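The values are calculated or read from the model by the stated rules, or taken from the named source; none is laboratory data. Model, not experiment: these values are computed from the prediction. Here the Cβ is made from the backbone with ideal geometry for all residues, glycine too, and neighbour counts use every protein chain on show. Heads up: the accessible areas ignore ligands, DNA and RNA and are worked out on the full protein's heavy atoms, side chains in. Shrake-Rupley method; radii C 1.70, N 1.55, O 1.52, S 1.80 Å.
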There are 2 protein chains.
Amino acid sequence: MKNIEKTLNYIKSISAEMITTAGSGNLGASLGASTFLFALFKDHYNFDVSDTDFLNRDRLVLSSGQVSPLYYTLLSLFGFDVSLQDLKSFRQFGSKTPGNPEYGKTEGVEASTGPLGQGVANAVGMAIAEKSLSERFNTVGFPIINNYTYCHVSEGDLMEGISQEACSLAGTLKLSKLILLYDCNDVTVDGRVSLSNKEDVAKKFKAMGWNVIIVRKGNNYNACSRAIGRAKKSKKPTLIIFKTIIGIGTNKEGTSAVYDYVLTQDELDAYKKTLNVTDSFYIPADVRELCMQATRRGKLYHENWNQTLAIYANSQPELYKELVNYFDKKKLDYEKILKNEDRWVGISTVDANSMIFNEIGDKLSQLIGGCADVARKTKVNLNNSENFLVRSKRGRNLHYGVREHAMAAISNGIALYEDFIAFDSTFLAFSNYMIPALRMRAMMKLPAISIFTHDSICVGQSGPTYQPIEQIGQLRSIIGLNVFRPCDGKEVLASYKLALSEEAPSALILSNQVSPEIEGTSYKDAQLGGYVVKSSKAADVVLYATGSEVGLAMEVAKELSKKYEVSVVSFPSLEIFEKQTSAYKLRTLQKDAKLRVAIEASNDNVWYKYLNDDDLFIGVHSYMQSCPGGVNYAKAGFTVKNIVKEITNRMNKKQ
Amino acid sequence: MKNIEKTLNYIKSISAEMITTAGSGNLGASLGASTFLFALFKDHYNFDVSDTDFLNRDRLVLSSGQVSPLYYTLLSLFGFDVSLQDLKSFRQFGSKTPGNPEYGKTEGVEASTGPLGQGVANAVGMAIAEKSLSERFNTVGFPIINNYTYCHVSEGDLMEGISQEACSLAGTLKLSKLILLYDCNDVTVDGRVSLSNKEDVAKKFKAMGWNVIIVRKGNNYNACSRAIGRAKKSKKPTLIIFKTIIGIGTNKEGTSAVYDYVLTQDELDAYKKTLNVTDSFYIPADVRELCMQATRRGKLYHENWNQTLAIYANSQPELYKELVNYFDKKKLDYEKILKNEDRWVGISTVDANSMIFNEIGDKLSQLIGGCADVARKTKVNLNNSENFLVRSKRGRNLHYGVREHAMAAISNGIALYEDFIAFDSTFLAFSNYMIPALRMRAMMKLPAISIFTHDSICVGQSGPTYQPIEQIGQLRSIIGLNVFRPCDGKEVLASYKLALSEEAPSALILSNQVSPEIEGTSYKDAQLGGYVVKSSKAADVVLYATGSEVGLAMEVAKELSKKYEVSVVSFPSLEIFEKQTSAYKLRTLQKDAKLRVAIEASNDNVWYKYLNDDDLFIGVHSYMQSCPGGVNYAKAGFTVKNIVKEITNRMNKKQ
């Protein structure tokens, strides 16, 4: 116990030093949460520092990313590749210890966090992934997949709606290996939690089907460790409420003032004195040895797992083979899927997607996901797989309920767990509920796929709140997210080819209207992100279009061709297009044309990148009405007659 | 009772007819919720059809907007300006009965709804508004403000995170006049609710401090009406759980198939037969008379209130005068505030805002709002007003907790209640949690103000998840939202002048870095949205900038002026700028310059509207690091040296 106390003192000391050295950071919770997080690492968390990615490791997400000083100190102490020098360079350019944990930057970090609530939903996703694999592969005597998912959460995290959505689903699905460690210190940035939140959190979580453990002495080591041990035995997900004292041991302890207070050098020295620590950024040998016990425990856990796996390979060869191959990048026969392109003629891209998605999904065992209650409408469902339900988790279709934001962040968690290809789906209008999670996804470069249908004012009768206009632009604005808006089945297939090969997330945008047959579309060329569908030597007018507007552009071109040389370019993905060579881009854009016209049922300013002052963007610039979709489309100017007229007027002005 | 049953039959019949005529609509819930919504209108809801805006009317929000057929039928029956012809033109272009209710389009509609969960949070906002006024103005014997806020919610609404956030706050604040009528039919689009949600909703709401009433016979009139009566007596907000049968009376009742099923003409006729209704879109006299009783009740309620108000005017003349003037557009003396502009020199726009916001707030009694737990950081707080807390609701500062999305929709509710000016605030990075509510706000043209600080990669040490890049563009993409990014105190003041006079919402974007003193900025000209700060006859190079980049642009101009004629234009608001005359815009943009350069720490493609192929946008195009903010700024190219170099290179190419 003496050694534990000494270790905790060094942990707190270094955390405080990191913050004072950096000049910023969350002191309060880094100190307050130290006991239980240390207990987690020391007695429970199974990790192997010599192989930090092995499949059955426990997962730990720091939803409250600001507790990073504590977290990095623990990672360092327990043998991850985080040195004392790394700790010293907390929040400095190029360091491995950024202000909030970043996936891929620091060994041991399982998810980038920062915006509150995201990590909670990521953790739910990881727990879903674990259950998906364990149900599929575990057999009697062979618990091949049985890791825990731990998530540190703050007061703020649990207030966020995304957490409530995710926890409600977790309770419904009885994700029993999910354990939230809630730092209940009753303080947030602006003061006591009770200023804004008087909920009975324990009761609320029980109502959602969770097991709840309250640790009244959240800064007592044994109490903390015992609680985690009990949580691991539960048949439900567990919320452990650690009643802690924020900033414990400092003279501002228990107040919001200590939340992100930076101790002056004098205050730091005084604080360290109370901890009996005289060194700076230093770990004594006995402290290191105490932690190494846990490191060795983790290594042993992995070795045992390897042995179990070896026996499993012999006694369950088929399952073993399936497991080994489960996450492989399968060689998909796109050409074979393409052979039947006639099937896609005369149907919408929503319907074409449903077919293609299923053909791909049948081959890709690792594809898993769901819809936010509108699968019947988006038709995004793996028809040959079951639903992932509480009673049977072998299925690959998740019923997210009306929880779009959690859905997106849960997809992120699934993708983080292992090389799953997570998919999610809803109406394009409601993609805006998901944006914070999509941003995180793009930052973490997770190859998950969002599929959005009902993609324009043609949604019609449900009215303007269901009719997206700015959503496409908002998605394209997220750096690192590839956005696809295919015009027909061939372009849908090309979109999947890219989505499944790029090291980046994708958003696929589909229309419910029937696509006309468009001569000149190409599965091969669509993979360049933008390509000429109707060519013309020295075009007078070049039309740029996407999705449902490509067919319209072709009709416009046909009419205009009576008078002008017209070329039509389809842009299934601007982000992919931008990666092509300058020569290709120039050739495709045909900037020498007298007039360039972008046609898209959106208000995305991205088109102005490709237009000059005198060019034209036919878009949607006001909210429309509740009426049949075609009426809106026409009223917004998306008719051959209107577009031809506008172009002709422009061309006349240019004479 | 017989008349009630007959009336309900006609209500259901007309709802079903509306859907069959339109070809789409939510049949299931329109039928299932008919009993309790009818009971609400008939026995409890206080409205005056001859003066639908009077202050103390009850508020009713249809969070589940898709129940609109039922809702419009009730509005029509009870005497609102919705005719039978209007019902017939459900979901048709130009009609008063759009697919989801639209504020301003149909008499009686208190909020536009559609995207699930928004209405719940609006209702919480309305209840907050009611409490704010009642605490301020009611005295013994004079319950001047004491209306109820009713909100119809669906299964889907309650799953949404925004609802959970809003309801948690409502429980904390003990908003006792808030009553949610929950259509608990156990069905959503994709099937039984239990597929995705097995929560104990009653227990969950009790944990949040709500009163819960369960009506097991949700299609029994007396049970429904009694429950609402009991709810009105509660000292806590109430959730009434009506166990209903979706699509009751049809042959698909109780299943998800009836959710949005459209009865064929034959099926409709058969259904109407079971209701004993032979007419089409017709209200018999006795049904009309039954409903008119409630209409008269409402009128009487208003008359009584007028009388009470008259006596109050005599016996509490000061309070009465304050009430009468409360929502007036006060004549703010902007020039007086401007006189002390020196105070704003050498401080950040966050700090300048804090001063200006308070000076304005001291004069505008109707300004009310809060922050999502970061008031200490955004400095958006009415220092001369108290906090709005459960024990005292006179204050104008709300503690929203970490609930950004609900905060935005609650602001909408406050603004909808009466002419409050609602404000909300958080870091710009997390504005993306609020987007769906901001879209609704823009659609409804509510003059609420969102204030976002920490507006760029200069946030620095918290890392990329706290550093906004695309958020400004996402906000600007919302049609009808005016976005302001002022560069100094004068422009902040101009932003408020506009925000408080436009019939539109505003987003104010502020920096934490100290603004340099910029010669040439003008409070007057800033009100044009864009204006020349540094002029030049026949500029070679024109720089467009906003906010923190205006000062930088001026320094760049100074350096470049050694070689070129340079002009600098500040654009505190592009939306306002776009409303100016063509002549002014052309004059300001100076498109004849050899080179146009936009400089903004964002990736907003809007700048390409003002640039041609060979022009330059100095923006941020990748996520940055956790390090001191200035390091990011420099690395992203925002230094005088780098920008001068890029411009010089471009100019050289143009020779």
Can you list residues from other chains, or at least 5 along the same chain, whose modelled amide H is less than 5 Å from the amide H of B:S602?
B:V620
Would you mind giving the total buried accessible surface between chains B and A, with a 1.4 Å probe and ligands, DNA and RNA left out, rounded to the nearest 100 Å²?
8800
Give the carbon-plus-sulfur fraction of the accessible surface of the protein assembly as shown in %, rounded to a whole number; probe 1.4 Å, heavy atoms of protein chains only.
49
Using θ = phi - 60° and the Karplus form 6.51 cos²θ - 1.76 cosθ + 1.60, what ³J(HN,Hα) does each residue of segment A:550-555 get, whole Hz, x for Gly and Pro?
5, x, 4, 4, 5, 5
Where does the Debye-calculated log10 I(q)/I(0) of segment B:124-165 sit at q = 0.14, 0.18, 0.19, 0.23 Å⁻¹, using only Cα point scatterers of equal weight, no solvent?
-0.45, -0.61, -0.65, -0.77
Taking just the alpha-carbon atoms of segment B:12-79, what radius of gyration and Dmax come out, in angstrom?
12.6, 38
Taking H as built 1.01 Å from N, whose amide H comes closer than 5 Å to the amide H of B:Y400, not counting residues under 5 places away?
B:C371, B:D373
With Cα coordinates, the longest principal axis of chain A makes an angle with the long axis of helix A:285-315, in degrees rounded to 10, of 60
Segment B:524-655 - accessible surface per residue (Å², probe 1.4 Å)
41
Would segment A:94-206 count as rounded, prolate or oblate if I go by the C-alpha gyration tensor, calling it rounded below 1.5 in a/c and otherwise prolate when a/b exceeds b/c, oblate otherwise?
oblate
Kirkwood-based shape ratio for segment A:255-385, expressed as Rg/Rh from alpha carbons
1.30
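Rounded to the nearest whole Å³, what is the per residue volume of the convex hull around the Cα atoms of segment A:1-45?
Values: hull volume 2.9 nm³, N = 45.
Value for segment A:1-45: 64 Å³ per residue.
Let me know the mean shielding of A:392-404 by other chains, meaning the per-residue number of their Cβ atoms within 10 Å of its Cβ. Spell out each step's value before the answer.
Values: counts 0, 0, 0, 0, 0, 1, 2, 9, 5, 12, 17, 8, 7.
Whole-number average of other-chain Cβ neighbours for A:392-404 is 5.
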Take the Cα atoms of segment B:439-593, build their convex hull, and give its volume per residue in Å³.
117
What list of ³J(HN,Hα) couplings, whole Hz, do you get for segment A:177-182 from phi and the Karplus terms 6.51, -1.76, 1.60, once you set θ to phi - 60° and write x for glycine and proline?
9, 9, 10, 9, 9, 9
Between A and B, which A residue has the Cβ nearest their rotation axis, distance in Å?
A:G161, 1
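Cβ under 12 Å from A:K252's Cβ, A:K252 left aside: what net charge do those residues give with Lys, Arg +1 and Asp, Glu -1?
Numbers: positive: none; negative: A:E253, A:D260, A:E267.
So the surrounding residues net to -3.
So which trypsin sites (Lys or Arg not before Pro) in segment B:301-374 end up in coil per DSSP with only 12 or fewer other C-beta atoms within 10 Å?
Listed in order of number, the matching sites are B:K329, B:K331.
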So how do A:R297, A:R59 rank on accessible area, 1.4 Å probe, biggest first, that is with the largest at the start?
A:R297, A:R59
List the aspartates and glutamates whose Cα lies under 16 Å from the Cα of B:K252, skipping any in the same chain that are fewer than 8 positions away.
B:D186, B:D190, B:D260, B:D266, B:E267, B:D269
Relative to the other copies, what are the label-point distances for B:K635, with labels 7 Å from Cα along the C-beta vector, expressed in nm at one decimal and sorted shortest first?
4.9
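If you count, for every residue in B:600-610, the Cβ atoms of partner chains within 10 Å of its Cβ, what is the mean?
Numbers: counts 0, 0, 1, 3, 3, 9, 4, 3, 8, 7, 2.
Counting other chains' Cβ atoms within 10 Å and averaging over B:600-610 gives 4.
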Alpha-carbon spread of segment A:497-581, three principal axes, descending order, Å:
45, 33, 16
Which of the aspartates and glutamates could a cross-linker span from B:K594 if the Cα-Cα distance has to be under 20 Å and same-chain partners fewer than 8 positions apart are dropped?
A:D592, A:D613, A:D614, A:D615, B:D540, B:E555, B:E559, B:E565, B:D613, B:D614, B:D615, B:E646
Quick calc of log₁₀ I(q)/I(0), segment A:357-492, Debye, one scatterer on every Cα, no solvent, q values 0.15, 0.21 1/Å, result -0.72, -1.41
Under the rule a/c < 1.5 gives rounded, and otherwise a/b versus b/c splits prolate from oblate, where does segment B:380-460 land using the Cα gyration tensor?
oblate
How tilted is helix A:118-137 with respect to the longest principal axis of chain A? Cα atoms for both, answer in degrees (0 to 90, nearest 10).
90
Exam field: B:S194 pseudo-label spacings to other copies (7 Å along Cα-Cβ), nanometres
4.0
Mind grabbing the accessible area of A:I214 for me, 1.4 Å probe, Å², rounded to tens?
70
Cα extents of segment A:285-360 along the three principal axes, largest first (Å)
73, 34, 17
Size of segment B:565-613 as Cα extents on the principal axes (Å, biggest first)
27, 26, 19
Across chain B, what fraction of all alpha-carbon pairs, as a whole percent, falls in each successive 10 Å bin from zero upward?
3, 15, 23, 21, 16, 12, 7, 2, 0, 0
Report, please, the projected area of segment B:164-304 averaged over directions, based on the convex hull of its C-alpha atoms, in nm².
11.3
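Which of rounded, prolate or oblate describes segment B:156-237 when judged by the alpha-carbon gyration tensor and an a/c cut-off of 1.5? Let's see the in-between values first.
Numbers: a/c = 2.28, a/b = 1.14, b/c = 2.00.
Note, shape of segment B:156-237 comes out oblate.
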Tilt, helix B:317-326 to longest principal axis of chain B (alpha-carbon atoms), in degrees rounded to tens, equals 70
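Would you mind estimating how fast segment A:532-655 diffuses translationally, via Stokes-Einstein at 10 °C and 1.306 mPa s with the Kirkwood radius over Cα pairs, in µm²/s?
On the way: Rh = 14.8 Å.
Result for D is 107 µm²/s.
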Compute, for segment B:397-500, the length of the dipole vector about the Cα centre, with Cβ point charges of +1 (Lys, Arg) and -1 (Asp, Glu) only. Units Debye, rounded to 20.
180
Rg and Dmax [Cα atoms of the protein assembly as shown; Å; Rg one decimal, Dmax integer]:
30.7, 93
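With the alpha-carbon atoms as the only input, what is the per residue convex hull volume for segment A:1-135 in Å³? List each step's numbers first, then the result.
Values: hull volume 14.4 nm³, N = 135.
Roughly 106 Å³ of hull volume per residue.
Please give the per residue accessible area of segment A:75-188, computed with a probe of 1.4 Å over protein heavy atoms only, in Å².
Working: 2270 Å² over 114 residues.
Using a 1.4 Å probe on heavy atoms only, each residue of segment A:75-188 averages 20 Å².
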Shortest first and in nm, the label-point separations between B:M651 and its counterparts in the other identical copies (7 Å out along Cα→Cβ) come to 4.0
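With +1 on the Cβ of every Lys and Arg and -1 on the Cβ of every Asp and Glu, and nothing else charged, how large is the dipole of segment B:48-198 about its Cα centre, in debye rounded to the nearest 20? Can you show the working numbers first?
Values: 12 positive and 18 negative charges, 26 e Å.
That gives segment B:48-198 a dipole magnitude of about 120 debye.
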